[in-house]
Amino acid sequence: MKVLFTADLHIKVGQRNVPREWQKNRYIKLFNKLRELQKDVDLVVLGGDIFDKIPNMEELELYFTLVSIFTKRTIIFDGNHEATRKGKTFLINLAKATNRINKNVEIIDGDYTLDN
């Protein structure tokens, strides 16, 4: 089984002295590269720190663009930047919306065992 693994995307828009459109475009370029790379794998894993902090609307828009690109089974794990307190993250609150946008994508909260 071939796996494409990435982590620490840190989706963040609104940094001082950096144009917002430039910030968004760099993520779109990354998402396009991931779309291309997934063609040669069986599974995509996003290993945490998808966001840099609790996301604003622009960051959520980027996130939903990201999850819409996957045509292969994709698993998203939370990271410490999604933490709201020890052992809890806000990412699980996006699980239903994520799955509605793309049935291939699953947010994992806790341990996970891949079948087969």
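Each reported figure results from applying straightforward, stated rules to the coordinates on display, with no laboratory input. In this text the structure is predicted, and so the values were computed from the model without any measurement. With ideal geometry, Cβ positions are generated from the backbone for all residues, glycine too; neighbour counts draw on all protein chains shown.
Report the extension gain between Arg73 and His10 in nm, rounded to one decimal, defined as 0.36 nm multiplied by the number of residues separating them, less their alpha carbon distance. Show your work: numbers first, answer last.
Values: separation 63, 0.36 × 63 = 22.68 nm, distance 2.15 nm.
My answer for the length gained is 20.5 nm.
Using a basic spin-label model with each label point 7 Å from the Cα along Cα→Cβ, how many nm lie between Lys39 and Ala95?
3.4 nm
List the aspartates and glutamates whose Cα lies under 13 Å from the Cα of Lys96, skipping any in the same chain that are fewer than 8 positions away.
Reachable aspartates and glutamates: Glu106, Asp109.
Between Asn17 and Asp52, what length comes free when the chain is fully extended (0.36 nm per residue of separation minus the Cα-Cα distance, one decimal in nm)?
Working: separation 35, 0.36 × 35 = 12.60 nm, distance 1.77 nm.
Contour length minus the Cα-Cα distance gives 10.8 nm.
Given the options Asn25, Asn104, Tyr63, identify the residue whose Cα lies farthest towards the positive end of the charge dipole of the chain (+1 on Cβ of Lys, Arg; -1 on Cβ of Asp, Glu).
The residue sitting most towards the positive pole is Asn25.
With charges only on Cβ, +1 for K and R and -1 for D and E, what is the dipole size of segment 1-86 about its Cα centre, in debye, rounded to 20? Can you show the working numbers first?
Numbers: 15 positive and 12 negative charges, 21 e Å.
Dipole size: approximately 100 debye.
Measure up Lys2/Lys53; Lys33/Lys103; Lys33/Lys72 against 24 Å on the Cα-Cα distance and list the ones that go over. Don't skip to the end; give the middle numbers.
Numbers: Lys2/Lys53 30 Å; Lys33/Lys103 21 Å; Lys33/Lys72 14 Å.
Listed pairs above 24 Å: Lys2/Lys53.
Select from segment 1-72 those trypsin sites (Lys or Arg not before Pro) which occupy a DSSP coil region and have at most 12 other Cβ atoms within 10 Å, ordered by residue number.
Numbers: sites: Lys2, Lys12, Arg16, Arg20, Lys24, Arg26, Lys29, Lys33, Arg35, Lys39, Lys53, Lys72; in loops: Lys2, Lys12, Arg16, Lys53, Lys72.
Those satisfying the criteria are Lys2, Arg16, Lys53.
Separation between the Glu61 and Leu30 pseudo-spin-labels, each 7 Å from Cα along Cα→Cβ, expressed in nm?
Computed distance between label sites Glu61 and Leu30 equals 1.8 nm.
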